[in-house]
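Heads up: the structure comes next, in structure tokens.
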Amino acid sequence: MYVIYMLWLRQLKRYVRSRSRIVAALGQPVLYLVALGFGFGPVFRKAGEGDYIQFLTPGVVGMTVLFTAVFSGIELIWDRQFGFLKETLVAPVPRLIIMLGRTLGGATVAVAQGLLVLVICFAVGFRLPGPGAIAWASLYMTLIALMFTAFGTALASVLADFQGFQLVMNFLVMPIFFLSGALFPLADAPKALATVALLDPLAYGVDGLRHAVAGASYFGPLTDLAVLVGSSAALLALGSYLFSRIEL
């Protein structure tokens, strides 16, 4: 437990000290909120879908958690190249414990970033349906963060350089985001696109967030929770297995 705590604390210290990282991570969500939220808002309203800011906010929050969680895997490559990972792995503790500590740290940072973006959304007109919405939203953000932090760790465990990691991320993360229904309602999407979304784990995270903070759901909250818990467990198992096979 002590090792998990120290690794978790190290991730948080990295996040707090890197003010430029915090500001940079807010740039894209704010751009989506302003450009898409106000740009497509009138069209969305005329189509009878209601307030686009209310619809878009869960997608933007989910995007923030996704990107922050996945790219925490870059730190694993960084630690490997600069020797910190080697010092950590020689400790007399199972690698599973080390992986869990790193994953919990990265997930905590991702949730903090998501909550920060949610606060910013209030400045552009977003409103919560009730006082319990934050608690439910935090639960969904935590599951998304755990799932994709483990996913990023699994990828970083089999890649040795930043270039390869960035390439894989561009071919995986962006499709995961755009096919999740974060920017458009899946109920009105073409059948082929809606079918693909069924295979996208982020779609269930965004849908759960939308149910928590906007009162709307496509899959249903129980389905969202079941898929997120199952996907998180599977990716944590995969990440642990690949992390245990890292060769320095």
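Here are the numbers for the structure shown:
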item	result
Dimensionless Rg/Rh of region 91-187 - Kirkwood Rh, Rg from C-alpha atoms	1.04
Ranked R210, R95, R80, criterion: other C-beta atoms within 10 Å, fewest first	R95, R80, R210
Per-residue ³J(HN,Hα) for region 215-229, Karplus 6.51 cos²θ - 1.76 cosθ + 1.60, θ = phi - 60°, Hz, x for Gly and Pro	x, 10, 8, 9, 8, x, x, 5, 5, 4, 5, 4, 5, 5, 5
Neighbour-count order for W78, W136, fewest beta carbons within 10 angstrom listed first	W78, W136
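Where a number appears in this text, it was derived from the coordinates with a stated rule and is not lab data. This one's a predicted model, so the numbers in the text were calculated from it and none came from an experiment. FYI the Cβ positions are ideal-geometry reconstructions off the backbone, even for glycines, and counts take in every protein chain you see.
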